[in-house]
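Peer 1: Following this message is one structure expressed as structure tokens.
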Amino acid sequence: MNTEKMNKNQPGGKADQFSKSGFILAAIGSAVGLGNMWKFPYITGQYGGAAFFLLFIVCLVAVGLPVLLAELAIGRGGRGSAASSFIKVGGHKAWGGMGMLSVIGSFMIMSFYAIVAGWTFHYAIRSFSGKLFSNSDFGAQFGGFISGYTPILWQAVVLLITGWIVARGISGGIEKFNKVLIPGLLLLLIILMVRALTLPGAAAGVEFFLKPDFSKLTPESALVALGHAFFSLSLGMGAMMTYGSYVDRKQSLGSATLAIGGGDLFYAFIAGLIIFPTTFSFGIDQAQGPTLVFIALPAAFSAMPLGSLFGGLFFVLLAIAALTSTVSLIEVPVAFSMERWGLSRSKAVWIIIAGCFLLGLPSALSFGLIPGLTFGGKSFFDWMDFLASNILLPLGGLIVTVFAGYFWKGVGKEAGLTAGWFRVWLFMLRFVAPILVLFVFLHSAGIIKF
Ligand code: TRP
């Protein structure tokens, strides 16, 4: 057998795997994305400010980190795609169903995620060129933009860049690219944070973000916080499992888990320190939801000196954060199709990219071009987001916790924790995580209501 070829084609083959730091940066890149920069600020605005942020931290630590470690361990233990790793460590074909769920879910997330990522590219260019500020009705501008054809063009650009990176492989593509972009992202964040914190009236925003008022919390806040901890750490969809399959056996998964969780939290924290001082300083309603960064922030940038530069940098930041996540999303179906159908990496990549483009089209068109694309009060875009993020993702998370907590005998050996930490981890995986995740799932699916 041609071992050289096998190594190349098999995820985790020696020919292509992450270096130690490359893995940490790529996994942080996967975690840090539109979830941190776009979703986290608006849900924090809607669900209770600082108290919500605290709740998010609790969910991240108590449930997110244990599941993250479990996913990394399954991937490294099985050394294959999300499907084959599960089957290999689980010892039964039925576990492959989880892999299929991951492949479909990642594909669905990618289809609409690339559209929002495309919006950020468009906004970056319009901000730098000043065109964004030539008309001060930002709501109408955004509405006009998303209901036209331009987003499709940007969606294609995002997919092509993603495909180009992933086609170059793990060490030469995904790792190389994250090693430059993740530090770059940090630099941009710090520049924007300093700008935001020195705006007049910034303190009120900092207080909203960091001084908890627990009376603002509702039971729903807790579920949203937990769901977001999963989304933000890229859990439940096989992404971390797939990345785990490219990790060296000698690397400590426990410390990697802490670094990834810490990195994700840190980037969300700084994003909050940009958005809340800015919105408070300009008297903008921070609870307005998904349109916060596309409608409210341009209004703030238009009113500050050098706003088109800062606005441009802000949207470049979002675009970079999005790209380091899209590469991890498509790696899940790419690794799967390379393994299952023996495709070369580049063939697998371009087939998947084309598929994501096609599946994304109805989402992109559902903002107005095809008004009929609304079913049961939700647009096609909302359905994709809802099914993938609220149904498949918690379901995937639940399967991972139950599998690692109850079924996988070798779990302790692969995770490599000390005896004390192993006990804590197992307790979380067995008793805490599944129950909480089950609540999120039932609530998201509309089966229970508060
Ligand atoms: N974590 C990313 C974000 O916060 C999104 C993401 C990337 C993701 N890969 C994922 C979400 C896998 C769920 C599953 O934006």
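Peer 1: Limiting things to C-alpha atoms, what are the Rg and the maximum Cα-Cα separation (Dmax) for region 265-366, in angstroms?
Peer 2: 18.7, 56
Peer 1: Follow-up question, since we're still on this one. Which net charge results for the neighbourhood of ALA70, defined as the other residues with beta-carbon distances under 12 angstrom from its beta-carbon, given Lys and Arg at +1 and Asp and Glu at -1?
Peer 2: 0
Peer 1: Round to a whole number: what % of the accessible area of the chain belongs to carbon and sulfur, probe 1.4 Å?
Peer 2: Percent of accessible area from carbon and sulfur atoms in the chain: 69.
Peer 1: One-quarter of the Cα convex hull surface for region 331-450, in nm²?
Peer 2: Averaged projected area of region 331-450's Cα convex hull equals 11.0 nm².
Peer 1: So how do 229-241, 294-306 stack up, highest first, on mean other-Cβ count within 10 Å?
Peer 2: Highest-to-lowest ranking by the protection proxy: 229-241, 294-306.
Peer 1: Given the rule -39500 (n - 2.57) for each run of at least 4 DSSP H residues, summed and divided by the residues of the chain, what is its mean residue ellipticity at 222 nm, to the nearest 500 deg cm²/dmol?
Peer 2: -22000 deg cm²/dmol
Peer 1: Just want to confirm a number: the relative contact order over region 3-444, from Cα pairs under 8 angstrom separated by 6+ residues, in percent.
Peer 2: 35
Peer 1: Given 0.36 nm per residue, what is the gain on full extension from ASP382 to ALA94 after removing their alpha carbon distance, in nm?
Peer 2: Extra length from ASP382 to ALA94 when fully extended: 100.6 nm.
Peer 1: Cross-link candidates for LYS413: which aspartates and glutamates have Cα within less than 16 Å, leaving aside residues fewer than 8 places away along the same chain?
Peer 2: Counting by Cα, and skipping residues close in sequence, LYS413 has these aspartates and glutamates nearby: GLU71, ASP248.
Peer 1: Let me ask something else about it. Only helices at least 18 Å long along their own axis, judged from Cα atoms, and with Kyte-Doolittle mean hydropathy of 1.6 or greater: name those in the chain from DSSP H.
Peer 2: 150-167, 176-197
Peer 1: Moving to a separate point now. What whole-number distance in Å separates the alpha-carbon centres of region 294-331 and region 13-79?
Peer 2: After rounding, the separation between the Cα centres reads 20 Å.
Peer 1: In nm², what is the average projected area of the convex hull enclosing the Cα atoms of the chain?
Peer 2: Its average projected convex-hull area is 20.4 nm².
Peer 1: How long are the three semi-axes of the equivalent ellipsoid for region 206-280, computed from the Cα gyration tensor as the root of 5 times each eigenvalue, in whole Å, largest first?
Peer 2: The equivalent ellipsoid of region 206-280 has semi-axes of 30, 16, 11 Å.
Peer 1: Peptides 72-78, 176-182, 55-61: what's the order by average Cβ count within 10 Å, highest mean first?
Peer 2: 72-78, 55-61, 176-182
Peer 1: How large is the accessible surface per residue of the chain, computed with a 1.4 Å probe and reported in Å² as a whole number?
Peer 2: I get 38 Å² per residue for the chain.
Peer 1: What distance in nm separates the simple spin-label points at ALA203 and THR150, each placed 7 Å from Cα in the Cβ direction?
Peer 2: 4.0
The values are calculated or read from the model by the stated rules, or taken from the named source; none is laboratory data. All values derive from a computational prediction rather than experimental measurement. Here the Cβ is made from the backbone with ideal geometry for all residues, glycine too, and neighbour counts use every protein chain on show. Surface areas here come from the heavy atoms of the whole protein model, side chains and all, with no ligands, DNA or RNA. Shrake-Rupley method; radii C 1.70, N 1.55, O 1.52, S 1.80 Å.
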